[in-house]
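Input: a single structure, listed below in structure tokens.
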Amino acid sequence: MALLRQIASFGAVGLCATLVHVTLAWALIEQAAFNGFAANACGAAAAFSVSYLGNARITFPSARGLPGGAVRYLAVTIVSLVLSSAILAFVESNGLPTYAYALIVVLTVPPTTFLLAKFWAFQRPRREA
């Protein structure tokens, strides 16, 4: 049952982070005349904060501590970006439709991110003997 709670929490935190990312980027572009790439970067940084804090506090409460876990979670986020980019390159190089990219990403990136977060980024530190 704890695993199902973690999966649901991970999904809810991810949805919140996505909403923060898109809303902030949109507002900066539309209301503050930011460059689209700069606005997207600001949105991504805010989303990372929401995602990290939500997962560190709710999904995978960790004894690792916020700074140590943040570095590992940033690495997980980078792996997710690289994986989704590789999928995009695969889809484009094989002439597959855009929906194939979305489907493959949805089926692979969140589960990979969940597993890396659970078993590496937020794993409790081992005690030294």
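The values are calculated or read from the model by the stated rules, or taken from the named source; none is laboratory data. All of these numbers come straight from a predicted model, not from anything done at the bench. So basically every Cβ, Gly included, is an ideal-geometry build from the backbone, and we count neighbours across all protein chains shown.
Got a sec? Which of 110, 125 is in contact (Cβ under 8 Å) with a residue 12 or more places away in the chain, outside any loop (DSSP other than H, G, I, E, B) and of a type outside the set (A, V, I, L, M)?
Of 110, 125, the one residue that is in contact (Cβ under 8 Å) with a residue 12 or more places away in the chain, outside any loop (DSSP other than H, G, I, E, B) and of a type outside the set (A, V, I, L, M) is 110.
Scanning segment 83-119 for residues that are under 18 Å from residue 61 (Cβ atoms) and exposed (fewer than 14 other Cβ atoms within 10 Å of the Cβ) returns 115, 119. Of note, residue 93 does not satisfy the criterion of being within 16 Å of the chain's Cα centre (by Cα), in the same structural domain as residue 111 (by TED's automatic domain parsing) and over 22 Å from residue 124 (Cβ atoms). All conditions in (1) under 18 Å from residue 8 (Cα atoms); (2) modelled with pLDDT under 95; (3) not hydrophobic (A, V, I, L, M, F, W, C) hold for residue 84, with the sole exception of (1). Within segment 20-47, the residues that satisfy the criterion of being free of Cβ contacts under 8 Å to residues at least 24 places away in the same chain, part of a helix (DSSP H, G or I) and not aliphatic (A, V, I, L, M) are 23, 26, 30, 31, 36, 37, 40, 42, 43.
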